[in-house]
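Below: the structure, in structure tokens.
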Amino acid sequence: MKPLNPPTRYITVESVTLVETACPPRWTGRMLFPGERRFTDILIFSNEGEFWALPAHCPHEGHDLTDCPLFDGGQLVCPVHGRRIELNMAALKVEVDNGRFKIPLSENGPYWICDNQYEPNRGDEDSEALRQMREEAEKLRLANLKQEKRILAITQSMDTMLKESEQQKAKLKETMGRQQALGRFIHRVLDTMDDVLIVIDAEGRIRQINRAAERQLGLSEDTWSGSPADELLSPEDRLSLAAQLPPLPWPLKSVLLETIRLHKSYSGEHRFSAPLRENPGSIYWLKGNLLHSEQGKLEGAVVTATDISDMKERETQLRLNAKVFQNTSEAIFITDLAGTILDVNEAFCAISGYRRSEVVGQNTRLLKSGLQEQAFYARMWKTLLTEGYWEGEIWDRRKNGEYFPMLLTINTVTDEKNRPTHYVAIARDISSLKHAEKQLEQMAYYDSLTGLPNRFLFKERFKHESVLAQRDGSKLAVCFIDLDNFKDVNDTLGHWAGDYLLKEVALRIQNCLRKTDTVARFGGDEFIVILSNIAEPAEPADIAQKLIDVVGNPIHIQNHQIFVGASIGIALFPDDGRDFTTLTKHADAAMYVSKAKGRRTFQYFEAHMKEEPRQRILMETQLRQAIEQEQFVLHYQPKVNCVSNRITGAEALIRWRHPERGIVSPNQFIPIAEETALIIPLGQWILRTACLQAKAWGDRLPDFRIAINLSAKQLLADNFIDFLDRILAETQTDPQLIELEITESLVMHDIEKATERLSRIRDRGIHIAMDDFGTGYSSLSYLQKLPVQTIKIDRSFIHAYAGDMTSEQAALIKTIVTLGQILNLKVVAEGVETREQLELLKFYGCHEIQGYYISPPLPEDEFGKRFIEQPYR
């Protein structure tokens, strides 16, 4: 069969692909017919060395024929409706040019060729087949056109949808970018927070934390992400929260989350169990709120934790300050800078008599007594404004108009820029202390029994009178009076009779003297008189004789008529001496001469009476030898607790075993040792011996302490502290077993140095006691400065008490005991000799007693048997 229309040009098949999986293998491709806008998909088959093209879609309904097999060597069957397409009848001839498939075209379109071996009588069949093919091709074209329109519509719709999708995608990307930026911003904000932030999920597990949690709690997302939030709480807090939860209808997964769920929100104090990096032991204020999705579903909770440790500490401090403010025994009031009272405590109200409502809003001038001059207040305010602090004594006025002294301290309160904002004043009513000080001053300068000046006041009077006499060129006379036979009265009638006699004699001596003269009780039965402005040397003789006559008159004591005499020694100023010590020594020497002459007479001092100093020199020499040969021994007088009757300690008292004179009283050699500095080696021997004994007895009795008397020369010696340390080390004595006794006069030699030394001694654990309290200066200001732990009431006050609790002597004893209690000092009474004295001391609250009522001083062995082996009396 020859071609109907010779080809004029070729169409190149594009997008050729070999389909090896089909049976037989074939190629797929596309071709664009002239006048067409869309490509037509075709299949290319190889048959006996030639290539034929068929439409890739069934012309009936457009089904894909790519994978359809060939039957009978040349039939392609549609898998849908079973239509058969003859390859040799319906295919287009395909040529190959340079490896590319091309289809020849005529001017009228594609033409079909058949195999040259077909017979001519098949022309009609070929024409019919061609017609059918063309019809099928037309249908296929129309179907393709319809399909193309549909595809075009779908494509346009898809393009529109794609554009909208791209726009939505862009908007979504933009929105996500904004959300991510916002998320990063929120994260930065959360990381800048000082408070810990923890986000937990609905299972109670940690989902997110901020930098503060990492910094303060040592957490990290890698370590704690997904961990139970409850593990952050201390075990105690977990148990506490769990105990507050009601029964739940679901399993308990998180105590913290359920607590927040129960209360909708939660806040409370907690400690974390995590190892805190910054402030171990910190207290946190937890605040939790539930976290819900937009649909209202529970997603978990957000928990913030604020470190409130500093606030709690300040709160505790404020609470303590408030308690101190309200409960302290000292008055406290707060004012503004103008002096207006803003607040007061209970003690202020108790002391001033005002109620709080009566003084708040008032100026402090309300309390002003008017007893101080305006200059006093000007100095006070100047000091307060320049130094921010003022302390001193001030007289104020109570609501009832009573004046009272206060020890006032004012401090300026400033803000963070050091600007004054308020004043805080602390005041203590010192009325009782002033009264006690006045009483102590009376006791310090006046004899408690007779009311006469004592030797300290007498010495001051002598200094004053000697200055006047030296200025005026006049003379003074010092008369030393000693009563004769006084000891007999004590021994026969008792001490009460002796006391009565001394008071009567004191009154008689006073009545014989002028107002310008001074009489003092020097001690025991000795009196001393200053006769001022002596015109004639014989004038003191007249007064002395008058005194002898008056004292010699009978004294009636109950049913007894007592006679005592007086022996008087007279020394003149400036003839017999210019200082107190010399004149009193010479007057004393003259008095002993008058006694030697038969008593009840007087004697002027004469030069030959200086024999006594020679005797003192002899005593000094023998004392030096005694120290070298250790002729001394210590006796011990016990001290007993007034309540338990238990032995608490002893006082070590030295005795001199003189090879010729036997036991010598310390009253005879201690004054010489003090004057000659022999007290230093003698005191060292006493200290070493007493320490050894304290160690021996202290091992057997707990809280046992030996008291050792200390002289001024010992205490103020430069090497005393080193020596004390060496003795304690050598003897291996516990310092708590030692008590050093000092006297007020000792301290007054050098108050600053003595205070420093005593403080160093006390720092070592050694106790300090003030001996002979009440007979010296007895100044409260000095007593408060000294590191004293015990005061010992002088034996003269105890001896003066005769059993009358309403007597002045009992009042004086009570004053000393009360003063010791106020100052938190132990009070020991020495010289206790009677049951009445003991009962009085117990009644007043005296802590310990010492005296012949318990025992005289005893040698070491006898003391050990009586008191160490039997510590209770």
Per-region count, region 735-755, residues of a type in the set (D, E, K, R) and either at pLDDT 90 or above or closer than 18 Å to Ile706 by Cβ (or both): 2
Positions within region 822-849 being at positive phi and touching a residue at least 24 places away in the same chain (Cβ under 8 Å), in sequence order: Gly831, Gly845
Residue identified as crowded, with 20+ Cβ neighbours inside 10 Å and either at positive phi or at pLDDT 90 or above (or both) among Gly683, Gly662: Gly683
Please go through (1) in contact with a Phe, Trp or Tyr (Cβ under 7 Å, 6 or more places away or on another chain); (2) open to solvent by 50 Å² or more (accessible area, probe 1.4 Å) for Asp64 and return the number of the only condition it doesn't satisfy. (1)
Go through the residues of region 837-848 one by one and say whether even a single one is open to solvent by 70 Å² or more (accessible area, probe 1.4 Å), under 24 Å from Arg655 (Cβ atoms) and outside any helix (DSSP H, G or I). no
Surrounded by 15 or more Cβ atoms within 10 Å (Cβ to Cβ) and at pLDDT 65 or above, is that true of Asn210? yes
Please go through region 243-260 and give me each residue that is open to solvent by 40 Å² or more (accessible area, probe 1.4 Å) and either of a type in the set (Gly, Ala, Ser) or closer than 19 Å to Asp191 by Cα (or both), ordered by number. Ala243
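Of everything in region 488-526 that's in a helix (DSSP H, G or I) and among the β-branched types (Val, Ile, Thr), which residue is most open to solvent (accessible area, probe 1.4 Å)? Write out each step before concluding.
Quick first cut of region 488-526, residues in a helix (DSSP H, G or I) only: 488-493, 495-512.
Keeping just the survivors that are among the β-branched types (Val, Ile, Thr) gives 489, 492, 505, 509.
On the way: Val489: 10, Thr492: 105, Val505: 1, Ile509: 1 Å².
By that ranking, first place goes to Thr492.
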Please list, ordered by residue number, the strands (runs of 3 or more DSSP E) wholly in region 1-87 having 2 or more residues that are farther than 14 Å from Lys102 by Cβ and at pLDDT below 80. 75-77, 84-86
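Only one of Val832, Val817, Val827 is assigned to a strand (DSSP E or B) and either modelled with pLDDT of 90 or more or closer than 29 Å to Ala694 by Cβ (or both). Can you tell me which? Please lay out each step first, then the result.
Values: Val832 fails: assigned to a strand (DSSP E or B); Val817 fails: assigned to a strand (DSSP E or B).
One residue alone meets the criteria, Val827.
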Check region 768-786 and report whether any residue there is modelled with pLDDT of 90 or more, open to solvent by 10 Å² or more (accessible area, probe 1.4 Å) and not in a strand (DSSP E or B). no
Considering region 694-708 alone, what residues qualify as being farther than 20 Å from Thr790 by Cα and among the charged types (D, E, K, R)? Lys695, Asp699, Arg700
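Can you tell me which residue among Leu219, Leu239, Leu262 is among the aliphatic types (A, V, I, L, M) and in contact with a Pro (Cβ under 8 Å, 6 or more places away or on another chain)? I'd like the intermediate steps shown before the answer.
Working: Leu219 fails: in contact with a Pro (Cβ under 8 Å, 6 or more places away or on another chain); Leu239 fails: in contact with a Pro (Cβ under 8 Å, 6 or more places away or on another chain).
On inspection, the qualifying residue turns out to be Leu262.
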Out of the residues in region 319-336 meeting the condition of being closer than 13 Å to Arg356 by Cα and under 22 Å from the mean Cα position of the chain (by Cα), tell me which one is modelled with the lowest pLDDT. Gln326
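Applying the selection to region 798-834, what residues are within 18 Å of Lys438 (Cα to Cα) and open to solvent by 10 Å² or more (accessible area, probe 1.4 Å)?
Residues of region 798-834 within 18 Å of Lys438 (Cα to Cα): 808-823.
Across region 798-834, the qualifying residues are Glu808, Gln809, Ala811, Leu812, Lys814, Thr815, Thr818, Gln821, Ile822, Leu823.
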Filter region 119-175 down to the residues that are modelled with pLDDT under 75, loosely packed, with under 11 Cβ neighbours inside 10 Å and either among the acidic types (Asp, Glu) or not in a helix (DSSP H, G or I) (or both) and list them by number. Glu119, Asp124
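When region 825-873 is examined, which residues are found to be of a type in the set (Lys, Arg) and over 49 Å from the mean Cα position of the chain (by Cα)?
First, the residues of region 825-873 that are of a type in the set (Lys, Arg): 826, 835, 842, 865-866, 873.
Answer for region 825-873, where residues must be of a type in the set (Lys, Arg) and over 49 Å from the mean Cα position of the chain (by Cα): Arg835, Lys865, Arg866.
Can Arg657 be described as open to solvent by 50 Å² or more (accessible area, probe 1.4 Å), assigned to a strand (DSSP E or B) and among the basic types (Lys, Arg)?
When the stated conditions are applied, Arg657 passes them.
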Under 7 Å between Cβ atoms, at least 6 apart or on separate chains: pull out the pairs that start in region 850-870 with a residue that is over 17 Å from Asn645 (Cα atoms) and end on any residue that is surrounded by 12 or more Cβ atoms within 10 Å (Cβ to Cβ) and aromatic (Phe, Trp, Tyr). Pro857/Tyr636; Leu858/Tyr636; Glu860/Tyr636
Within the bounds of region 177-196, is there any residue that is surrounded by 20 or more Cβ atoms within 10 Å (Cβ to Cβ) and either closer than 23 Å to Glu269 by Cβ or free of Cβ contacts under 8 Å to residues at least 60 places away in the same chain (or both)? yes
Filter result (open to solvent by less than 40 Å² (accessible area, probe 1.4 Å) and either within 23 Å of Phe486 (Cβ to Cβ) or of a type outside the set (S, T, N, Q) (or both)) within region 527-541: Phe527, Ile528, Val529, Ile530, Leu531, Ile534, Pro540, Ala541
Gly565 is checked against (1) more than 25 Å from His464 (Cβ to Cβ); (2) touching a helix residue (DSSP H, G or I) at 6+ places or on another chain (Cβ under 8 Å); (3) open to solvent by 30 Å² or more (accessible area, probe 1.4 Å); (4) not aliphatic (A, V, I, L, M) and fails just one. What number does that condition carry? (3)
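Based on what the data block shows, is Gln216 within 18 Å of Leu291 (Cβ to Cβ), touching a residue at least 12 places away in the same chain (Cβ under 8 Å) and either out of contact with any Cys (no Cβ under 6 Å at 6 or more places or on another chain) or open to solvent by less than 70 Å² (accessible area, probe 1.4 Å) (or both)? Steps first, answer last, please.
On the way: within 18 Å of Leu291 (Cβ to Cβ): no; touching a residue at least 12 places away in the same chain (Cβ under 8 Å): yes; either out of contact with any Cys (no Cβ under 6 Å at 6 or more places or on another chain) or open to solvent by less than 70 Å² (accessible area, probe 1.4 Å) (or both): yes.
For Gln216, the condition - within 18 Å of Leu291 (Cβ to Cβ), touching a residue at least 12 places away in the same chain (Cβ under 8 Å) and either out of contact with any Cys (no Cβ under 6 Å at 6 or more places or on another chain) or open to solvent by less than 70 Å² (accessible area, probe 1.4 Å) (or both) - is not met.
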Mind telling me which of the residues Asn511, Asn485 ends up being within 15 Å of Val550 (Cβ to Cβ) and of a type outside the set (Val, Ile, Thr)? Asn511
Scan region 787-799 for residues that are among the charged types (D, E, K, R) and at pLDDT 90 or above and jot them down. Lys792
For region 219-238, give me each residue that is open to solvent by 50 Å² or more (accessible area, probe 1.4 Å), more than 18 Å from Leu256 (Cα to Cα) and not acidic (Asp, Glu). Thr223
I'd like to know if region 691-714 contains one or more residues that are over 19 Å from Gly864 (Cα atoms), more than 37 Å from the chain's Cα centre (by Cα), among the basic types (Lys, Arg) and part of a helix (DSSP H, G or I). yes
What number of residues within region 558-578 are in a strand (DSSP E or B) and either closer than 15 Å to Leu502 by Cα or modelled with pLDDT of 90 or more (or both)? 11
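Out of all the residues in region 715-725, which are open to solvent by 20 Å² or more (accessible area, probe 1.4 Å), within 16 Å of Arg762 (Cα to Cα) and over 37 Å from the mean Cα position of the chain (by Cα)? Spell out the reasoning first.
Filtering region 715-725 down to residues open to solvent by 20 Å² or more (accessible area, probe 1.4 Å) leaves 716-719, 722, 725.
In the following step, the residues that additionally are within 16 Å of Arg762 (Cα to Cα) were identified as 716, 722, 725.
Answer for region 715-725, where residues must be open to solvent by 20 Å² or more (accessible area, probe 1.4 Å), within 16 Å of Arg762 (Cα to Cα) and over 37 Å from the mean Cα position of the chain (by Cα): just Leu716.
The values are calculated or read from the model by the stated rules, or taken from the named source; none is laboratory data. Everything quoted here is computed from the prediction, not taken from an experiment. Neighbour counts are summed over all protein chains in view; Cβ atoms, including those assigned to glycine, are modelled from backbone coordinates with ideal geometry. Calculation scope for accessible area: heavy atoms of the full protein, side chains included, ligands and nucleic acids excluded. Shrake-Rupley method; radii C 1.70, N 1.55, O 1.52, S 1.80 Å.
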